[in-house]
Amino acid sequence: MIDLISSVPPSFILILGALLVPFVKGTLRNVLVIALPAIAFLNILNIGCCTSYSLQFLGFELELLRADMWAKVFGYVFTIAAFATAIYGYHDKKASEFVAALMYIGSALGVVFAGDLVSLYIFWELMAVTSVALILSKRTLASRRAGTRYIIVHVFGGLVLLAGIMLHIHNTGSIAFTSFTTQSTAAVLILLGFLVNAAAYPLSSWLPDAYPEASAMGAVVLSAYTSKTAVYALMRGFPGWDILIIIGCAMAIYGVIYGLLENDIRRILAYSIVNQVGFMVCAVGVGSKLALAAVAAHAFCHILYKGLLFMSAGAVIQQTGKSKLSQLGGLAKSMPWTFIFMAIGALTIAGPLSSGFISKTMILKSVEKAHLFWPWLILEIGAVGVFLNAGLRLPYFTFFGKDSNVKAKEAPKHMLIGMAILAFLCIAIGIVPAYFYQILPHSEYVQSKMYSSFSDLYVHHFYAVLPKLQLVLFTILGFFLCLPIIKRNDTITLDTDWFYRKGADLFYNIVKGSTSIVNDLTHSVVIDKITKNVVAFTTNAPANAMLAVMVPIWKIMRYNDNEIKEQITNLRANVESNSFPVGLASLIIIFVLLTFTFNQ
Amino acid sequence: MKLSKSFWGILWGICGLTLVLELILPHRHSHFAVEGFKTIDAAPGFFAAIGLFGVIFIVIISNKIGQVLQKKEDYYDRPN
């Protein structure tokens, strides 16, 4: 059995498994949804490094199973998070949401294990489609609108990526996905495509715009995959590209400043994803052995604790029906377990004895070793900011602060179990990182550079932990000192999505304004003048022709001017209503014929 | 919620303790330079300062930005 499942790519297990979900009902469906990630996890665990799985497609040989250490570490955390989320979402009764989630996770695994650019692109686009299906499956107006904006951004990013890939294949003749060493147009386009999904500033606003509109489970799923597959792709494709250091630092600061202005609890977490992905992007830019291992480590740990935070925030929203900090507060008594799990997630962001401490230390150490003083300082301030915002402000105003008198019950058991799994891993990795180091790429090098036992980390080298402890403690002190000026208003903050939300209207009006000069001129000349005259001419022509004949006749018949005018009015009215007496018409025809005859 | 005096006492106490411990324990070296401004990361209390002043700096900056960019929640739903 294990041999059988180890010979197929893990993405197939989830994508094909997802197709079975609509056909089973009730508990069996939940069991299936929980079992599929577990099977995929075992599959990844048992894949040998030399296993391959290739397909022929349009004359290309697609490599769907490049199962090296780089891919496997992402595969582990993707399936672990999926397993915990499936338990967390046990209450969910919508088959469509499970199908979308499983296919989305499956395609994320597909990207990670893809050995060539063509299959990477196929899974990349499948991920965009299935993730928007996941957002839409909440079936509210807000989620539909956010989903529309989300897919527009991702279609744009996908097209840029496709252009880059096609150009690359055209130039090199190879579809292999290896690191890009020259700054060709193709490489830059591919980089841009990756950066859209990594939510790199200023292409970032789709993430906080869309994720909080999904359901409780949907947001947990979304938080883990799109940005981390992009980090993986950057790590494989663009290690050591200096521009990524600048982009990463910008993301770290942007996520903090915007997050602090935000009022929606899941949007605060969404901004902190941007901040944390900034750390990873920056380390990709550093590009050393330790830095790249740190990227994989931080992605792993970040998925665990950000998933945990999204789970507890989702539980709060589901139990209270409210998602704004300004409406929440004082929930610690009614939802103690949710509070404990959120607190673990919050402390994991920066505190010692947690997974975030291990991986963030690796990233900062790699930046230190590269002697990049300013990026290092910015990342340290970014670390303070994200702990301040997602680690202190969010739990404090949700569970303490002013009592909102919101009536709420503790989250249901399955939600708490889902959170407990991730919380356990967050702490376990922080206490005994040795096992964790073993699954990282360059694992031996990492183990030689980092302390791996509890006593080495926290006892013998306490003087090295002390500064990190100070950082955390003084951030807490700063938070409570600044409490009176830390805001939680009923507001939204304008982000770069303004350019396509309001800007689209503005653009429309500008285009309308500039082209309307031509438009108005054309209208007045063609429609108002020329057409009107042509129409008037053709409608009046029969009457005029008749009058040309009749007026002389009436004059011959000695009608006076008034009588002639009256006759003219009558004739015009008759022509317009097509109602002359037959006699008059025939008289005219005879007269005309006679005139012609005599003239000849 | 009013924070109690004992809460403030414990918080200041632990923070102060870490500063004292730093002076007793082995001294750190700078990772960035041998002399000059970039040795600041080896200065005692440097990380405490980053934590405390980092918070104040970030809160003030984001409040300033918020004065310009924060809008009512129905901003995008209103017509121009």
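No lab work stands behind these numbers, since they all come straight from the coordinates. This is a predicted model, so every value here is computed, not measured. Glycine gets a Cβ as well: all are built from the backbone with ideal geometry, and neighbour counts include every protein chain shown.
What does the C-alpha gyration tensor say about the overall shape of the stretch A:1-101? Classify as rounded when a/c is under 1.5, otherwise prolate if a/b is larger than b/c, or oblate. It comes out prolate by the Cα gyration axes. For the stretch A:25-131, averaging the sequence separation of C-alpha pairs within contact (under 8 Å, six or more residues apart) and dividing by the residue count gives a relative contact order of 28 percent.
For the protein assembly as shown, take the alpha-carbon Rg, divide it by the Kirkwood Rh, and send me Rg/Rh. On the Cα set of the protein assembly as shown, Rg over Rh gives 1.23. Here the protein assembly as shown is treated with +1 on each Lys and Arg Cβ and -1 on each Asp and Glu Cβ, and its dipole about the Cα centre works out to around 1500 debye.
Provide the packing ranking of B:52-62, A:318-328, A:178-188, i.e. peptides ordered by the mean count of other C-beta atoms within 10 Å per residue, highest first.
Values: B:52-62: 19.8, A:318-328: 18.3, A:178-188: 14.3.
Going by the mean number of other Cβ atoms within 10 Å, highest first, we get B:52-62, A:318-328, A:178-188.
Simple point charges give the picture: +1 on the Cβ of Lys and Arg, -1 on the Cβ of Asp and Glu, and for chain B a dipole about the Cα centre of about 260 debye. Dipole orientation for the protein assembly as shown: of the candidates A:T398, A:L571, A:L347, A:T398 has the Cα lying most toward the positive pole (charges on Cβ; Lys, Arg +1; Asp, Glu -1).
Largest first, the three principal axis extents of the alpha carbons in chain B are 63, 40, 14 Å in whole numbers. Is there a pair in A:K228/B:K64; A:K306/A:K409; A:K25/A:K306; A:K25/A:K94; A:K365/A:K449 whose C-alpha atoms are over 21 Å apart, and which pairs would that be? Going by Cα-Cα distance, A:K228/B:K64; A:K306/A:K409; A:K25/A:K306 fall outside the 21 Å limit.
The mean sequence distance of close C-alpha pairs (under 8 Å, at least 6 residues apart), as a share of the length of chain B, puts its relative contact order at 17 percent.
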